[in-house]
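A quick write-up on the structure given underneath.
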Amino acid sequence: MDFFKSGLKTVLGAPEPGQLPSGAETVERLVDRVNNSTLLEDRRDACRALKAMSRKYRVEVGAQGIDTLKQVLELDRADNETINYALDTLNNIMSPSQFEEEEDNPHVPMNIGEQFTEMFIKDPHNIQLLLDLLDEYDFRVRLSAVQLLTSLLTNRTKDIQEIILVKPMGVSKMMDLLGDTREVIRNETLLLLIKLTKGNANIQKIVAFENAFDRLFEIVSSEGYSDGGIIVEDCLLLMLNLLKNNSSNINFFKEGSYIQKMLPMFNTPEDLEDIGWSPQKVSNVHCMLQIVRTLVSPSNSAQIISSCQKIMKNVGFLDALCNILMASGVPADILTETINTVGEVVRGDITNQDFIGNVMAPSNPPRPAIVVLLMSMVNEKQPFPLRCAVLYCFQCYLYHNELSQTSLVQTLLPSSTDVSSLTSGRLLCGGLFSADVLSNWFSAVALMHALVDNLGQKEQLLRVLLATNVGSTPVSLLHQCTLLLQQTTKLQSKVALLMLLCHWMSHCSAAVSAFLQVPGGIGYLVNQTCSNEHDENEYLLQGLSAFLLAICIHFNDDSVESYTKDALKQLLVKRIGVETFTAKLSEVSKHELYNKAAKHPQLRVKIPAEILIDYEFCRLFKVLEGVLINSISEKQEPDPSEDRQSPAADNLEQYKSLIRQQDARLQELMQQLDGLMQQNYALQSALNDSIASNSLLKDENTLLKAQVSAKLPSQSNQTNQSSQATPGQQTQASQATNPDRILEYENKLQFLNSEVTRLTAELKASEEAKKIFEEDLVKLKQGQDDLKKDQDDLLELLADQDMKINEYKMRLVSLGQTVEETQADTELNLT
Amino acid sequence: MAYAYLFKYIIIGDTGVGKSCLLLQFTDKRFQPVHDLTIGVEFGARMITIDGKQIKLQIWDTAGQEAFRSITRSYYRGAAGALLVYDITRRETFNHLTTWLEDARQHSNSNMVIMLIGNKSDLESRREVKKEEGEAFAREHGLVFMETSAKTAANVEEAFINTAKEIYEKIQEGVFDINNEANGIKIGPQHSTAGGAKAGGAGAGGAAGGGCC
Ligand SMILES: Nc1nc2c(ncn2[C@@H]2O[C@H](COP(=O)(O)OP(=O)(O)O)[C@@H](O)[C@H]2O)c(=O)[nH]1
Ligand SMILES: [Mg+2]
């Protein structure tokens, strides 16, 4: 309290002794003063005081002051000092972080900065005000405006990006600040641009168009490249933002020869070993490696990847990366990331793959770098991320490259002369049968990648023989793998061997027939597939076994008599059943780790336990799953003893019914879809409504909170002063009346509601009665009409008869008879 | 890779007039009948020779839809040249030229060279806008004009190169301040001293040369 009390004396005058104005009151008076004072100096002092209060009383200053401060920005542009106070105050209000001063104030919501930001940007013109202030050359104003924009962007990234994007010079203005000679402003602008460009491709493109890469490389080089300070890291982070998932900017980067400009980042000074790597240098190089990987990421288009890879090779980039690999004293995480990077720089590019295949490590005796890397992969003592990186790099080395695949398999063949030297193949075989389960997995998967889409090497690998024990006859690698599969109890080893065998045997009937000759192989697969254990990993094993079994059937050339295609199919149908088989197969792609692996060629795992499935295996599975199911469920060759009448017609019927079924299903699904779409539409609009009302409520809530916290202390203060008898009574009372009132209203509302219901019911009842009446009326009228008609008919009849009687009378008279007048009849006639 | 100058271009005009196809034809020498809608802005680059000098063109292809207009506006300021494209088989794309031109003039630097392009000249049978109308519009607004076909590649090279020639001439006349990168022109690394001296010399006559447009 003392702190701002003394600070405010000049503005408010000294308070009367013993009387402490509350924060909220003070804020109110200050805001008043800014609003109403005609003297600039007065307003300036009030703004300064508001700034001083805005950390401790940010709710009060924000709730009461936002509009006023905004006006200051508009109207007091001529006075930099005032503007500066207003900006700093706003920046405090919006700050994404909590201030020390407010730590023990429970009234301040955690996201208060965000809430005020939301209120501030309701009017997009406010952002324009800030953009205009960037034109101000004054150091403090420019700096504060940059900082405020950064805070706003931190709180509401997307909203503000969209606002700035539609301001014609918005992004350009910020870019201009990168050229500010005052380093502080330049550095703050970097932070602003990092926030601004995050995840927004259109802004990223404009920033690149505005020569960002030139500016950034200028800064990076003037700061001493990777030996520079955190500014270098900031520049690199911004570049990373500009390039990530932005093919247009990657193209621009490549065409603008910026790849060449990155080269000095990887210069390794001669004496680096002695001086070591500072933490900042580690961060800088790490960022740089991320940029390189963004350019050649497997998720980019093939065209971009390939042209970037070529440039990197041609300008000596790949050499520089390999130098880091071979240098000593490189921190482990840099080494790991460099290995990953080298992998992606060579992936699928034959020249580059060839290049790293020939790099020699400065070891004694000299060994190929690839071999040295693989030694780390199958070494339990190496850090886990490093081992994963080596696998990835090795996979990239083999990717789409028959030559490197061949040369790996070559090192395992009996013809390979140099028995003593350590080769890639030997390392992998060692890893395959080592006691370390991760080595098993890495090695099996690495070997598998030598076989991807390469029938020749699948067949070559069948020739590989292993000497298991001294004196015993050597067995084939495939045989040994199959035996190991049956023996091992470790999940990761089993899965790895299954994946290896699947790749090996797919499209390769020679490998299938080799497998069928291994005792127990098929039996094991059938048992595994039929196994009934319930757990995610067991399901996976069952599915993988089913998959391999189906490969044995589909790619079977009937060369093993006991396990011909048909025999195996019979076995599958009888022992497992087509439906069970299909169900088991579908379990593979349901496994969580399968889905993780399928996303990206690089294994992205944090702990050894997450290692299970490989990306290339997922690809194989996706391609073959449907084919294999079709192949298994194909109708069995009809038994020749049976009458073979018109199989074609039979088939036709089958298809027809299938089509009918599918048609019905389609209809059904379409209906469901329609229904769902309607539902979705309804939900969407309901959601929109509630979002809108929610945001309204939020605003109200913030204001109410601010008012409550502003009023509570001030009211109790007043009561304290006037009559000390009942401190805080007034507030209590007002608090108490509120619920009472509400209760009262609620009661009334309830009453009214029930009244409405009752009246509605009555109305309904009377309407129904009316309807019945009306119906009766219609009926009655009809009855009346009928009666009238009857009467008319009768009258007619009477008249008729009357006439006839008269006629007869006449005749009688003419015949000389006397006729009595029947008066009564005539009278009746007339009524 | 070394170049004497680098020019930045933008391609603007209604959606569907063939902007992306023109860029693809110019940079890759191919035509892709079904082209994705450009989302925002795409980039392409190519080297050309003018007056024995290597000139690098960096071209930003924009999206014509209304929703992206404000984004396109951000590119005017930093561009040295603009290709304003309409489709000779759709009159409304010709009718919208005025709006595009206003937008461009308002947000670009006054020296930006604008080339008017009537694209799809291969579709003569479906022509809705006469060549003379394009010429008249260009004359009236001080633009260079050309009809092109991104499909047959007719005049595509010329459109981009003539724009570059125009910019190059303006540089020679000293109209452009080539030391200000915001104009969409950069001096290449190899010629930076020679180019710089020339620029300085030409800069003196800049005020006089400026009167030509
Ligand atoms: N016949 C013909 N069709 C063209 C030509 N240029 C573009 N098109 C077609 O016009 C459509 C739109 O082209 P596009 O380049 O995407 O237009 P943009 O929206 O301006 O980028 C595509 O279907 C193209 O195949 C041309 O010169 N001749
Ligand atoms: Mg397009």
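The values are calculated or read from the model by the stated rules, or taken from the named source; none is laboratory data. Computed from a predicted model, the values in this text were never measured in an experiment. Here the Cβ is made from the backbone with ideal geometry for all residues, glycine too, and neighbour counts use every protein chain on show. Ligands, DNA and RNA are stripped out before the accessible areas are found, and what is left, the full protein with its side chains, is counted by its heavy atoms. Shrake-Rupley method; radii C 1.70, N 1.55, O 1.52, S 1.80 Å.
Along Cα→Cβ, 7 Å out, is where each label goes; now give me the distance between the ones at A:Leu743 and B:Leu123 in nm to one decimal.
7.6
For chain A, which whole percent of the accessible surface, found with a 1.4 angstrom probe, sits on carbon and sulfur atoms?
Roughly 53 percent of what the probe reaches on chain A is carbon or sulfur.
If contacts are Cα pairs under 8 angstrom and at least 6 residues apart, what is the relative contact order of chain B in percent?
Result for chain B is 25 percent.
Note down the nm distance, to one decimal, between modelled labels 7 Å out along Cα→Cβ at A:Ser97 and at A:Asn379.
Using points 7 Å along Cα→Cβ, the separation is 4.1 nm.
Could you please put A:His479, A:His125 in sequence from largest to smallest accessible area, using a 1.4 Å probe?
A:His125, A:His479
Would you be so kind as to list the residues of region B:74-93 that have their accessible area lowered by at least 40 Å² in the full protein complex compared with their chain by itself (1.4 Å probe)?
In region B:74-93, residues shielded by partner chains: B:Ser74, B:Tyr75, B:Arg77.
At a 1.4 Å probe radius, which order do B:Thr152, A:Thr89 fall into by accessible area, largest first?
If we order B:Thr152, A:Thr89 from most to least accessible, we get B:Thr152, A:Thr89.
With axes computed from alpha carbons, what is the tilt in degrees of helix B:156-173 against the longest principal axis of chain B, rounded to the nearest 10 within 0 to 90?
Between the helix axis and the principal axis of chain B, the angle is about 30 degrees.
Quick one: accessible area per residue over region B:5-187, 1.4 Å probe, rounded to a whole number of Å²?
39
What whole number of Å gives the distance from the Cα centroid of region A:231-291 to the Cα centroid of region A:31-99?
The distance from the Cα centre of region A:31-99 to that of region A:231-291 comes to 41 Å.
Applying the Karplus parametrisation 6.51 cos²θ - 1.76 cosθ + 1.60 with θ = phi - 60° to the phi angles of region B:66-76, what ³J(HN,Hα) value in whole Hz is obtained for each residue in order, glycine and proline being reported as x?
For region B:66-76, the Karplus-derived couplings read 3, 4, 9, 3, 5, 5, 4, 4, 5, 8, 4 Hz, x marking Gly and Pro.
From the phi of every residue in region A:551-565, what ³J(HN,Hα) in whole Hz does the Karplus formula 6.51 cos²θ - 1.76 cosθ + 1.60 yield, where θ is phi - 60° and glycine or proline is x?
4, 4, 7, 5, 9, 7, 9, 6, 8, 9, 4, 6, 10, 6, 3
Any idea of the accessible area per residue across region A:310-449, 1.4 Å probe, to the nearest Å²?
37
Quick one: putting +1 on the C-beta of Lys and Arg, -1 on the C-beta of Asp and Glu, what dipole do you get for the protein assembly as shown around its Cα centre, in Debye to the nearest 20?
About 3640 debye.
Taking H as built 1.01 Å from N, whose amide H comes closer than 5 Å to the amide H of B:Asp87, not counting residues under 5 places away?
B:Thr93, B:Phe94, B:Asn119
Taking 0.36 nm per residue of sequence separation and subtracting the Cα-Cα distance, how much length would be gained by fully extending the chain between A:Asp227 and A:His534, in nm to one decimal?
105.0 nm
What 222 nm value per residue comes from the helices of chain A, counting each DSSP H run with n ≥ 4 as -39,500 (n - 2.57) and dividing by all residues, nearest 500 deg cm²/dmol?
The helix contribution divided over chain A gives -23500 deg cm²/dmol.
Specify the angular offset, from 0 to 90 degrees and rounded to the nearest 10, of the alpha carbon long axis of helix B:97-107 from the longest principal axis of the alpha carbons in chain B.
Approximately 30 degrees, to the nearest 10.
Using a ≥ b ≥ c from the Cα gyration tensor of chain B (square roots of the eigenvalues), is it rounded, prolate or oblate, where a/c under 1.5 gives rounded and otherwise the larger of a/b and b/c decides, a/b for prolate?
It comes out prolate by the Cα gyration axes.
Note down the net charge around A:His449, summing +1 for each Lys or Arg and -1 for each Asp or Glu among other residues with Cβ under 13 Å from its Cβ.
Spelling it out: positives minus negatives among the neighbours equals -1.
Let me check I've understood the local charge: for A:Ser589, count other residues with C-beta under 11 angstrom from its C-beta, Lys and Arg +1, Asp and Glu -1. What total comes out?
Net local charge, A:Ser589 excluded: -1.
Sequence gap at least 6, Cα distance under 8 Å: using those rules, report the relative contact order of chain A to the nearest whole percent.
Computed over chain A, the figure is 7 percent.
Could you size up the charge dipole of region A:451-559 around its Cα centre, putting +1 on the beta carbon of Lys and Arg and -1 on that of Asp and Glu, and report it in debye to the nearest 20?
340
Where the accessible area of chain B is counted over protein heavy atoms with a 1.4 Å probe, how much of it, in %, is carbon and sulfur?
In chain B, the share of accessible area belonging to carbon and sulfur is 51 percent.
Expressed in nm to one decimal, what extension gain is obtained for the pair A:Lys809 and A:Ser695 from 0.36 nm per residue of sequence separation less their Cα-Cα distance?
Contour length minus the Cα-Cα distance gives 30.7 nm.
How about A:Lys771: which lysines have a C-alpha closer than 16 Å to its C-alpha, ignoring those fewer than 8 places off in the same chain?
The reachable lysines, counting only those whose Cα sits under 16 Å from A:Lys771, are A:Lys779, A:Lys781.
Keeping every protein chain present and rolling a 1.4 Å probe, give me the accessible area per residue for region A:182-247 in Å². Working shown, then result.
Details: 2090 Å² over 66 residues.
Dividing the accessible area of region A:182-247 by its residue count gives 32 Å².
What does the charge count near A:Asn352 come to, summing +1 for each Lys or Arg and -1 for each Asp or Glu among other residues with Cβ under 12 Å from its Cβ?
Working: positive: A:Lys310, A:Lys313, A:Arg347; negative: A:Asp319, A:Glu344, A:Asp349, A:Asp354.
After counting each charged neighbour, the total is -1.
Return the value, in Å² to the nearest 100, of accessible area buried between chains A and B (probe 1.4 Å, both sides summed).
Chains A and B together bury approximately 2100 Å².
Tell me, what is the FRET efficiency for B:Asn109 and A:Asn35 to the nearest 0.05, using R0 = 45 angstrom and their Cβ-Cβ distance as r?
With a Förster radius of 45 Å, E is 0.60.
Given A:Asn753, A:Asn267, A:Leu620, which one lies farthest toward the positive end of the charge dipole of the protein assembly as shown, if we put +1 on the Cβ of every Lys and Arg and -1 on the Cβ of every Asp and Glu?
A:Asn267
When the solvent-accessible surface of protein heavy atoms is calculated with a 1.4 angstrom probe, in what order do B:Lys19, B:Lys53 fall, highest first?
Details: B:Lys19 10, B:Lys53 50 Å².
Largest to smallest exposure gives the sequence B:Lys53, B:Lys19.
Can you list the residues of region A:197-221 that have at least 40 square angstrom less accessible area with all protein chains present than in their chain by itself, probe 1.4 Å?
Flagged in region A:197-221: A:Asn202, A:Lys205, A:Ile206, A:Phe209, A:Asn211.
Using 1/(1 + (r/R0)^6) with R0 = 35 angstrom and r between the beta carbons of A:Val282 and A:Arg619, what's the FRET efficiency to the nearest 0.05? Kindly include the intermediate steps, with their values, before the conclusion.
Working: r = 35 Å, r/R0 = 1.00.
Result of the calculation: an efficiency of 0.50.
Find how many whole Å separate the alpha carbon centroid of region A:169-194 from the alpha carbon centroid of region A:356-396.
A separation of 43 Å, based on Cα centres.
Using the Cα gyration tensor of the protein assembly as shown, with a ≥ b ≥ c the square roots of its eigenvalues, what is the shape: rounded (a/c below 1.5), prolate (a/b larger than b/c) or oblate (neither)? Numbers along the way, then the final one.
Details: a/c = 1.67, a/b = 1.17, b/c = 1.43.
Verdict is oblate for the protein assembly as shown.
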